[in-house]
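Worksheet: the structure to be examined is printed underneath.
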Amino acid sequence: MPDFFDVVQRQRAYRAFEPGEVPDDLLNQVLDAATFAPSAENKQPWVFVVVKAGPTRKKIAELMRRAWEGGARDYEQGRIDGRLLADVERGATGGIGAAPVIVVVCGDSSDSLEQTLPSSVFPAVQNMLLAATALGLGSALTTLATTMTKDLAEILQLPEHVKPMAVVPLGWPARRLGPPKRTPFKEKAHKDSYGRRW
C-alpha cells in the first residue's frame, strides 16, 4: 500500500476512463474508507448509490451534459484555465459517463440536520477519492448532476429525505496524470491572526 502522503499528493480528478470493470472488492474498499470519515454528531448520514448499470449511468451522464451546456460552461469560461476548461468539458459531455462505476453520494436528512449534511458527506467523499487513488483507480468529485436534483433523485428512486450531493466516477484512468499543481501552504497559512505569514 502506498504511503499516505504520497496518495494525498497524487490524488487528481480523472474524467476519462478505460473500458473495463472495477471489481467489487475494490469498490468495497473505497466505500469502506468513506465510512470512516467524521460526521456531525457521528450520525454518518451518507448514502452511496453505486451505479454500474449502463442505462442508468447514461442517464446521469445526460444530466451532467445538460447542466454543463445549460449554463455551467458559460459560468466557467474565463474563470478557469483553457486546458482545464477543455478537460472539464470532455468529462461533462461524455467522459465521466464512460466510467464503469458512478457513485452518487447522498445525505440522509431523516436523522440529521440538513444544514450539517455537507460537513458530514464531503469528508466521506474525500476518503473515497483518496482510497481510489491508493488502489490505482481514477476518480473525481463532481456536482454538476446534483444541480438537477429532482431529475437525479427520480433516476435513482431516492426518497425525499435522501439528497444527492456529489457524483463520483470510478474506473481505470485512460492516462496517468502527474501530481496536481498546488499553491504552497505557506502562502495560505497565517500565524495567530490573519496577515502574519506562517
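Values computed for the structure shown
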read-out	value
Asp74 surrounded by fewer than 18 Cβ atoms within 10 Å (Cβ to Cβ), without any contact (Cβ under 8 Å) to a residue 40 or more places away in the chain, among the acidic types (Asp, Glu) and over 18 Å from Thr146 (Cα atoms)	no
Those residues of the stretch 165-198 which are in contact (Cβ under 8 Å) with a residue 60 or more places away in the chain and within 30 Å of Thr116 (Cβ to Cβ), in sequence order	Met165, Ala166, Val167, Val168, Pro169, Leu170, Pro180
Residue ID - farthest from Val103 (Cα to Cα), chosen from residues in the stretch 34-74 that are aliphatic (A, V, I, L, M) and assigned to a strand (DSSP E or B)	Val47
Output for the stretch 169-190, where each listed residue is outside any strand (DSSP E or B), touching a helix residue (DSSP H, G or I) at 6+ places or on another chain (Cβ under 7 Å) and closer than 16 Å to Leu135 by Cβ	none
Subset tally (residues that are out of contact with any strand residue (DSSP E or B) (no Cβ under 7 Å at 6 or more places or on another chain), part of a loop (DSSP other than H, G, I, E, B), of a type outside the set (Lys, Arg) and more than 15 Å from Ala13 (Cβ to Cβ)) for the stretch 75-114	6
Identity of the residue in the stretch 7-41, surrounded by 12 or more Cβ atoms within 10 Å (Cβ to Cβ) and among the aromatic types (Phe, Trp, Tyr), that ends up farthest from Cys106 (Cα to Cα)	Phe17
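Each row is one residue, and each column tells you yes or no for (1) surrounded by fewer than 18 Cβ atoms within 10 Å (Cβ to Cβ); (2) of a type in the set (Gly, Ala, Ser); (3) at pLDDT below 95; (4) touching a Lys or Arg at 6+ places or on another chain (Cβ under 7 Å).
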| residue | (1), (2), (3), (4) |
| --- | --- |
| Ala99 | no, yes, no, no |
| Val105 | no, no, no, no |
| Ser139 | no, yes, no, no |
| Glu154 | yes, no, no, no |
| Val167 | no, no, no, no |
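The values are calculated or read from the model by the stated rules, or taken from the named source; none is laboratory data. Since this is a predicted model, take the numbers as computed values, not measurements. Glycine gets a Cβ as well: all are built from the backbone with ideal geometry, and neighbour counts include every protein chain shown.
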